[in-house]
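Encoded as structure tokens, the structure appears first; notes follow it.
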Amino acid sequence: MTSSKLLSLIFLHQALVVFVLDLPNAEGLKIGFYQQTCPSAEAIIKITTAQYISRAPSLAPALLRMHFHDCFVNGCDGSVLINSTKNNVAEKDSAPDLSLRGFQVIDGVKTAVENECPGVVSCADILALVARDAVSMIKGPYWPVPTGRRDGRVSTAQNALNNIPSPFSNITQLEASFGSKGLSVKDLAVLSGAHTIGISHCFPAVTIRLYNFTGKGDTDPTIDPNYAAVLKKICKPSDLTTLVEMDPGSRKTFDTHYYSIVSKRRGLFQSDGALLSDSETKAYVLSQISSGSTFLKDFGPAMVKMGKIGVLTGKSGEIRKRCAFIN
């Protein structure tokens, strides 16, 4: 299909969505926010994202994770994209964000959009749309993304350390973290399912759980011993670089398999296993491995809700010319 035909189809789809859903919400976001100021924005974003994902599908989970990390720190304001300076260590250089990938995708999309509509579309909106499009392009769910976010001007490593949920977290800590962002216990269970795609490294969140869980050379007793034995063959105690699947055997497919492994106590992180420690999250996990699974339907609404955390709208913030630099 030619680019012009693809653009036409995307425009038609977006016009129908805007006609049905063009209603502002309480945060000042709405579907089709750029319909008048940059009508081709979402089509350009989708086409440019596809150029990257078609070559490297593994960027999809990375971009989804980047959006998550952005929203949990200062709200969904694109602050995760800002570079450090000599006077400030930015979020992307904090310990939780050092493994983030895909910044080149956001920069490439931003350039393409700026060429069409200079100074109109925020980096925060671009990140939200790219994350959705990337997941959809690997046959994951598609959800409507309300837009109208503005870009933040503050990005500090300490804010990231203070706000991004840790893979070491227990269920009490996870529920408090998500609750502080206006997300429910169900949202926690649903959004954890994003671990159905992607990989991690054998970093301390994995190796400490395997080799020194309580500081006495022991293994986390909540992990399946057989799975722990498999992981120990992959991740040695001082290993920081070897790649390990978060959803073994299904890491390229956006499905409910993650909940199956969690139910068997084979979640990679302590935070995965923690879902079995609360009656509500455990019930959700178990319900997803039955014939009545709702995960693929639930994921989009949870992402929309997350995408509204602490947004800047109206005249707040700015529209960055380059996503890595404050104007």
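The values are calculated or read from the model by the stated rules, or taken from the named source; none is laboratory data. Keep in mind that this is a model prediction, so the values were computed, not measured. For neighbour counting, all protein chains shown are included, and Cβ atoms are generated from backbone atoms with ideal geometry for every residue, glycine included. What goes into the accessible areas is simple: the full protein's heavy atoms, side chains included, and nothing from ligands, DNA or RNA. Shrake-Rupley method; radii C 1.70, N 1.55, O 1.52, S 1.80 Å.
For Tyr52, Tyr227, give me the order by solvent-accessible area with a 1.4 Å probe, most accessible first, ignoring ligands, DNA and RNA.
Tyr52, Tyr227
Based on the mean of other beta carbon atoms within 10 Å per residue, what is the order of 124-131, 186-193, most packed first?
Details: 124-131: 28.5, 186-193: 22.4.
Packing order, densest peptide first, comes out as 124-131, 186-193.
Take each of the peptides 204-211, 265-272, average the number of other beta-carbon atoms within 10 Å over its residues, and list them starting from the highest.
On the way: 204-211: 19.2, 265-272: 22.2.
Result, highest mean Cβ count within 10 Å first: 265-272, 204-211.
At a 1.4 Å probe, what is the % contribution of carbon and sulfur to the accessible area of the chain? Kindly include the intermediate steps, with their values, before the conclusion.
On the way: 8470 of 14760 Å².
Carbon and sulfur atoms account for 57 percent of the accessible area of the chain.
Top to bottom by accessible area (1.4 Å), largest first, where do Thr156, Thr196 land? Spell out each step's value before the answer.
Numbers: Thr156 35, Thr196 0 Å².
So the residues, ranked largest to smallest area, are Thr156, Thr196.
So which DSSP H runs in the chain come out at 24 Å plus along the axis (Cα) with average Kyte-Doolittle of at least 0.0? Numbers along the way, then the final one.
Working: long enough: 3-21 (26 Å, 1.81).
Long hydrophobic helices here: 3-21.
Considering only protein heavy atoms, what per residue accessible area in square angstrom results for the chain with a 1.4 angstrom probe? Before the final figure, lay out the partial values.
Values: 14760 Å² over 327 residues.
Per residue, the chain has an accessible area of 45 Å².
Taking a probe of 1.4 angstrom, what is the accessible area of Ser200 in Å², to the nearest 10?
Rounded to the nearest 10, that gives 10 Å².
Report, to one decimal in Å, the Kirkwood hydrodynamic radius for the chain based on all distinct Cα pairs.
Numbers: mean 1/r = 0.0490 Å⁻¹.
One over the average 1/r among Cα pairs gives 20.4 Å for the chain.
What accessible area, in Å² to the nearest ten, does a 1.4 Å probe give for His195?
50
For the pair Ser84 and Thr37, what calculated FRET efficiency results from E = 1/(1 + (r/R0)^6), where r is the Cβ-Cβ distance and R0 = 35 Å, to the nearest 0.05?
Details: r = 31 Å, r/R0 = 0.90.
According to the calculation, E is roughly 0.65.
Considering the alpha-carbon set of segment 246-307 alone, what are its Rg and its Dmax in angstrom?
Over segment 246-307's Cα set, Rg and Dmax evaluate to 11.6, 31 Å.
Over segment 197-327, what is the relative contact order in whole percent, taking alpha-carbon pairs under 8 Å and six or more residues apart?
Numbers: 133 pairs, mean separation 28.9, N = 131.
Rounded, it is 22 percent for segment 197-327.
Taking segment 57-121 as the region of interest, what is the percent of Cα-Cα pairs per 5 angstrom bin, listed from the shortest bin to the one with the maximum distance?
Percent of Cα pairs in each bin: 3, 16, 23, 25, 19, 11, 2, 0.
How large is the translational diffusion coefficient of segment 126-228 in µm² per second when you combine the Kirkwood radius over alpha carbon pairs with Stokes-Einstein at 37 °C and 0.692 mPa s? Could the numbers behind the result be given before it?
On the way: Rh = 16.8 Å.
Value of D from the Cα-based Kirkwood radius: 195 µm²/s.
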